[in-house]
1. Within segment 113-162, how many residues are in a loop (DSSP other than H, G, I, E, B) and either among the β-branched types (Val, Ile, Thr) or more than 26 Å from Tyr82 (Cβ to Cβ) (or both)?
2. Determine if segment 62-84 includes at least one residue that is assigned to a strand (DSSP E or B), on the phi < 0 side of the Ramachandran plot and touching a strand residue (DSSP E or B) at 6+ places or on another chain (Cβ under 9 Å).
3. Could you tell me which numbered condition Leu200 fails, if it satisfies all but one of (1) surrounded by fewer than 18 Cβ atoms within 10 Å (Cβ to Cβ); (2) at pLDDT below 95; (3) at positive phi?
4. Inside segment 85-108, can you point out the residues that are in contact with a helix residue (DSSP H, G or I) (Cβ under 9 Å, 6 or more places away or on another chain) and in a loop (DSSP other than H, G, I, E, B)?
5. For residues in segment 120-167 being hydroxyl-bearing (Ser, Thr, Tyr) and touching a Pro at 6+ places or on another chain (Cβ under 9 Å), which is surrounded by the most Cβ atoms within 10 Å (Cβ to Cβ)?
6. Let me spell it out: the conditions are (1) open to solvent by less than 60 Å² (accessible area, probe 1.4 Å); (2) modelled with pLDDT of 90 or more, and Ile31 meets all of them except one. Which number is the exception?
7. Test each condition in (1) of a type in the set (Gly, Ala, Ser); (2) in a helix (DSSP H, G or I); (3) in contact with a helix residue (DSSP H, G or I) (Cβ under 9 Å, 6 or more places away or on another chain) for Ala24 and report the one that comes out false.
8. Of all residues in segment 225-263, count the ones that are free of Cβ contacts under 8 Å to residues at least 40 places away in the same chain and of a type in the set (S, T, N, Q).
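The values are calculated or read from the model by the stated rules, or taken from the named source; none is laboratory data. Values in this document were obtained by computation on a predicted structure and should not be read as measured data. Because the Cβ atoms are built from the backbone with ideal geometry, glycine has one as well, and the counts that use them run over all protein chains shown. Side chains included, ligands, DNA and RNA excluded: accessible areas come from the protein's heavy atoms. Shrake-Rupley method; radii C 1.70, N 1.55, O 1.52, S 1.80 Å.
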Amino acid sequence: GLSIPHTYYKGAFQFNNAPNAEQAKSNEHLIAYLTYLKSPEAPCRFDFSAFEKDLSNGLYFDSSIPQGFGVGSSGALVAAIYNKYCNNKLGSTDNSDILELKRIFGELESYFHGTSSGLDPLICYLNLPILIKSKTELGTVGLPEQGESKGAIFLLNTGLTGKTQPLVNHFLERCKEDGFRNMIKNQFKKYNDASIEAFLNKDGKGLLSNVKNLSKIVLDNFKPMIPKAYQKLWQDGLDSNAYYLKLCGSGGGGFILGFTQDI
């Protein structure tokens, strides 16, 4: 896997003693989350008195990241809370620290999704692209410089909010089927890995050809995750070779990732 921070979207803590409806709602969500963090299962220890004091002073999370769009809104919030209130923060880019951070963030973010890999908060916190080679081998990676190519990787906004947990559950249920599991292992993984390798090696042609195969596999096997209004558009890209589409996060709405030779 390759996970890349997107600098266009940001989130930060702010205070307002006379909050508007949105700010008040954010404050309420943070109070509810604080209760979860106080449970014995929480993966690290927090400065609860500082957190509680800030919440009583109108703390809210001011974010430009759309929720339910597959671009890490809950990940950014988790990273911000860990960064501000955790008593024994980790921060190095050693493989062991990255693995431990990923585990901690996975548990912290599971409050929002039921299941979380911890990757979204990890890249928000480190603000670095992370290359995932295996469950035990993660590392930061440099990205290729933008060349003269007219090609681009873009985000397509469906305008719909996706619900992560039901789709994650749907995926996990499908993984119980032998055929689906074999498709993931022998096809999806093959083209996914080859796409990442081509991208990091600045091989635009190889990237597009592998992403096309990946896009077709997603259309054939992940239909419930692709909003109905975008299924024809998805197929049109494959038929015309003008662009290829891929899900962001669990899909169901939000953003769709696009790849094209000519933006």
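1. 15
2. Yes.
3. Of the numbered conditions (1) surrounded by fewer than 18 Cβ atoms within 10 Å (Cβ to Cβ); (2) at pLDDT below 95; (3) at positive phi, the odd one out for Leu200 is (3).
4. Lys89, Leu90, Gly91, Ser92, Thr93
5. Thr158
6. (1)
7. The single condition Ala24 does not satisfy is (3).
8. 4
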